[in-house]
1. Do you know which of the residues in the stretch 1-27 that are more than 17 Å from the chain's Cα centre (by Cα) and among the aliphatic types (A, V, I, L, M) is surrounded by the most Cβ atoms within 10 Å (Cβ to Cβ)?
2. Does the stretch 135-142 contain any residue that is in a helix (DSSP H, G or I) and open to solvent by 60 Å² or more (accessible area, probe 1.4 Å)?
3. Would you confirm whether any residue within the stretch 185-203 is at pLDDT 90 or above and aliphatic (A, V, I, L, M)?
4. Can you tell me which residues in the stretch 53-83 are hydroxyl-bearing (Ser, Thr, Tyr) and touching a Ser or Thr at 6+ places or on another chain (Cβ under 8 Å)?
5. Given the criterion open to solvent by less than 60 Å² (accessible area, probe 1.4 Å), touching a residue at least 40 places away in the same chain (Cβ under 8 Å) and farther than 24 Å from Ala31 by Cβ, identify the matching residue among Ser219, Ser232.
6. Go through the stretch 166-197 and give me each residue that's buried (at least 16 other Cβ atoms within 10 Å of the Cβ) and either among the aliphatic types (A, V, I, L, M) or part of a helix (DSSP H, G or I) (or both).
7. Given the criterion assigned to a helix (DSSP H, G or I), modelled with pLDDT of 95 or more and open to solvent by 40 Å² or more (accessible area, probe 1.4 Å), identify the matching residue among Ile69, Ile111, Ile35.
8. Residues to consider are Ser131, Ser201; find the one that is exposed (fewer than 14 other Cβ atoms within 10 Å of the Cβ) and in contact with a Phe, Trp or Tyr (Cβ under 7 Å, 6 or more places away or on another chain).
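The values are calculated or read from the model by the stated rules, or taken from the named source; none is laboratory data. Fair warning: this is a prediction, and the values are worked out from it, not measured in the lab. Virtual Cβ from ideal backbone geometry, glycine too; neighbours counted across all protein chains shown. The area values use the complete protein model at the heavy-atom level, side chains included, leaving out ligands, DNA and RNA. Shrake-Rupley method; radii C 1.70, N 1.55, O 1.52, S 1.80 Å.
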Amino acid sequence: MKHLPNTITLCNLISGCVATFFALNAHFELALTFIIIGAVFDFFDGFAARLLHVSSPLGKELDSLADDITFGFAPAAIVFSLLRLTLPAQLESLGVPAECVTYVSFAAFLIAAFSALRLAKFNLDERQTTSFIGLPTPANALFWAALAVGLQEKGLLDAAPLPYLLLLGILLSSYLLVAEIPMFALKFKTFKWKSNELRYSFILLSLALLLILGFAGFSAVIVLYVLTSIASNFLNK
């Protein structure tokens, strides 16, 4: 049983590998599905370690490696595929050689790099026990995966400004991962409404967005999470 938490962590890593495969083949809904499956494994590995009292430095390091695959490399692969699908027409209209598409698309892998930096900082930062500093990597991964699903479902992949918005989104996403911006965590000390108003309000609004938008609603939920955190910091000053 002592190996169970690390086994669950490896299931998270494998889920990220499968998500990456589907991402590179533009099967964005399946990529999102396996990122969510990875997030479930990511939750239960820590839960199992605490339950069995088998937490270890090895498990901590393994968890970060698995998270960078599932929540760093997989979403980067999704954005890489989105750029490969949307850039050719835009670059052709500007007279840019077609082979440049791949090189420009490599910008997507900044997400994997900054996710690794975010995870390394998290492991060393003792301030992040009850909340987060910067955007958590699972939230960032869900945003990109859900956005890709929504764009594909609604036939917006040929929208003219999309490649430029994606490139801007890569920069913003990378910044938010390592920014010194406090963001609340869905950790409850008690389940009373008082002192949990922000969390309960966020959960209710998130459920409404998911019911209205389906899988693609996860991207809207993450935007709501970031804006709510920033607003809460401003109001609490």
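1. Ile8
2. no
3. yes
4. Filtering the stretch 53-83 down to residues hydroxyl-bearing (Ser, Thr, Tyr) leaves 55-56, 64, 70, 81.
Across the stretch 53-83, the qualifying residue is only Thr70.
5. Working: Ser219 fails: farther than 24 Å from Ala31 by Cβ.
Being open to solvent by less than 60 Å² (accessible area, probe 1.4 Å), touching a residue at least 40 places away in the same chain (Cβ under 8 Å) and farther than 24 Å from Ala31 by Cβ holds for just one of Ser219, Ser232, which is Ser232.
6. Matches in the stretch 166-197: Leu166, Leu167, Gly169, Ile170, Ser173, Ser174, Leu176, Leu177, Val178, Met183.
7. On the way: Ile111 fails: open to solvent by 40 Å² or more (accessible area, probe 1.4 Å); Ile35 fails: open to solvent by 40 Å² or more (accessible area, probe 1.4 Å).
Of Ile69, Ile111, Ile35, the one residue that is assigned to a helix (DSSP H, G or I), modelled with pLDDT of 95 or more and open to solvent by 40 Å² or more (accessible area, probe 1.4 Å) is Ile69.
8. Working: Ser201 fails: in contact with a Phe, Trp or Tyr (Cβ under 7 Å, 6 or more places away or on another chain).
Step by step, each of Ser131, Ser201 is checked, and only Ser131 is exposed (fewer than 14 other Cβ atoms within 10 Å of the Cβ) and in contact with a Phe, Trp or Tyr (Cβ under 7 Å, 6 or more places away or on another chain).
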